[in-house]
1. Just subtract the alpha-carbon distance of HIS70 and ALA41 from 0.36 nm times their residue separation and send over the number in nm, one decimal.
2. For region 1-58, which trypsin sites (Lys or Arg not before Pro) pass both filters: DSSP loop (anything but H, G, I, E, B) and at most 13 other C-beta atoms within 10 Å?
3. Where the Cα atoms of region 9-76 are projected onto their three principal axes, how long is each span, largest first, in whole Å?
4. Excluding ASP23 itself, calculate the net charge of residues whose Cβ lies under 10 Å from the Cβ of ASP23, where each Lys or Arg counts +1 and each Asp or Glu counts -1.
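Taken together, the values in this text are just the output of simple stated rules run on the coordinates, not laboratory data. Model, not experiment: these values are computed from the prediction. Ideal geometry is used to build each Cβ from the backbone, glycine not excepted, and the neighbour counts take in all protein chains shown.
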Amino acid sequence: MEDHTFVDGIGRIAIIDGIVRVDFFAHSPTEMGPDGKPRMAFAHRIVIGADQFLRAAEKIAESVRLIQQHQQAQSQQQAPQAYAPPQPMPPNVQPMRAQQQPSPVPQPAPAPQAPVQEASFGRKNNGQHETPPPVLPQRPFP
């Protein structure tokens, strides 16, 4: 048996009197929709009993699990080696030049300071300050 039918997907599943009808569709090579894309066209119908359809659905579900496991294994192998090439810049964004440095932020002028008052180290004699006592080196305790 060499009969093959290529389909793009399932269009409709109908159950009539315990018999399941599965309609497949394919994108038409000649008919275009209003959006310019190929229209969906009927390609093939399978008519199958409900029990056989349930068995087929179990086989399809098993195949789905195997495909998902295979895809997960592939993505885990490729994840450490994944490389995303740099994205092109939008036309309205100008690249920064290497030697361009940010302009300095202007600093406010220092606030005027109050005049410094001299500290007095003792009694005043006729308006003159006494000198502080000399600092003697300290000896460690015996």
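1. Separation in residues times 0.36 nm, less the Cα-Cα distance, equals 7.3 nm.
2. none
3. Its Cα atoms span 43, 40, 14 Å along the three principal axes.
4. Values: positive: ARG12, ARG21, ARG45; negative: none.
Spelling it out: positives minus negatives among the neighbours equals +3.
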